[in-house]
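Where a number appears in this text, it was derived from the coordinates with a stated rule and is not lab data. Computed from a prediction, not measured in an experiment: that's the story for all the values here. Glycine also receives a Cβ, built like all others from the backbone with ideal geometry; neighbour counts cover every protein chain displayed.
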Amino acid sequence: MSSISPTASNSWGRQLAIWLAFIVLDTATQLAFKWGADGLGDMEFGLAMMAKAVSLPGVWLATLGYIGVFIVWMAILRDMPLSRAFPMTGLVYVTVPLFAWFTFDEHIDLVRAGGIALIIAGVFLLGGDE
């Protein structure tokens, strides 16, 4: 018989689902911004660029993604101290480069791969149970 009560198990499963939603939404948001930015080409920053940006689906998806990330972040902070939750957001520094490599054919060299490994280690050290 498990030593974890049904309430504790449900809470753990809920937290895992919320964190997965955060990571997926934030990663997708960053990829949508890149997609939108690629649609701007070599335009100089200014009103014309901003007008073009608001016409791009990637920019709108990214904006909606940020709203979703905000809602999920509020759910996370409701149940977890900021000092423990914030370092765990660093997992997005792992997922964004990996999906950028897969989606946009961006390069991940050995130094970046090492940095990603350090971020994962840091998340486990800082975000673990107290």
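Taking Cα atoms, how many degrees apart are the long axis of helix 92-104 and the longest axis of the chain, rounded to 10 and kept between 0 and 90?
40 degrees
Which option, (i) 0.96; (ii) 1.40; (iii) 1.07, is the value of Rg/Rh (Cα atoms, Kirkwood Rh) that was calculated from these coordinates?
(iii)
Is it possible to state the helix-based mean residue ellipticity at 222 nm for the chain, with each DSSP H run of 4+ residues giving -39500 (n - 2.57), the sum divided by total residues, to the nearest 500 deg cm²/dmol? What is it?
So the helix-based figure for the chain works out to -26000 deg cm²/dmol.
In degrees between 0 and 90, to the nearest 10, how far off the longest principal axis of the chain does helix 110-127 point, with axes built from Cα atoms?
Orientation of helix 110-127: about 40 degrees from the principal axis.
Along the charge dipole of the chain, Cβ charges K/R +1 and D/E -1, which of 108, 67, 95 sits furthest on the positive end?
Value: 67.
Can you give the extra length, in nm with one decimal, that the chain gains between residue 21 and residue 44 once fully stretched, where that is 0.36 nm per residue apart less the Cα-Cα distance?
Details: separation 23, 0.36 × 23 = 8.28 nm, distance 3.48 nm.
Separation in residues times 0.36 nm, less the Cα-Cα distance, equals 4.8 nm.
What angle do you read, to the nearest 10 degrees and between 0 and 90, between the alpha-carbon axis of helix 57-79 and the longest principal axis of the chain?
The two axes meet at around 20 degrees.
Please state the charge dipole magnitude for the chain, taken about the Cα centre, from unit charges on C-beta atoms (+1 on K and R, -1 on D and E), reported in debye and rounded to the nearest 20.
Values: 6 positive and 10 negative charges, 74 e Å.
Using Cβ point charges on Lys, Arg, Asp and Glu, the chain gives about 360 debye.
For segment 80-130, take the alpha-carbon Rg, divide it by the Kirkwood Rh, and send me Rg/Rh.
Numbers: Rg = 12.5 Å, Rh = 11.7 Å.
Here the Rg-to-Rh quotient is 1.07.
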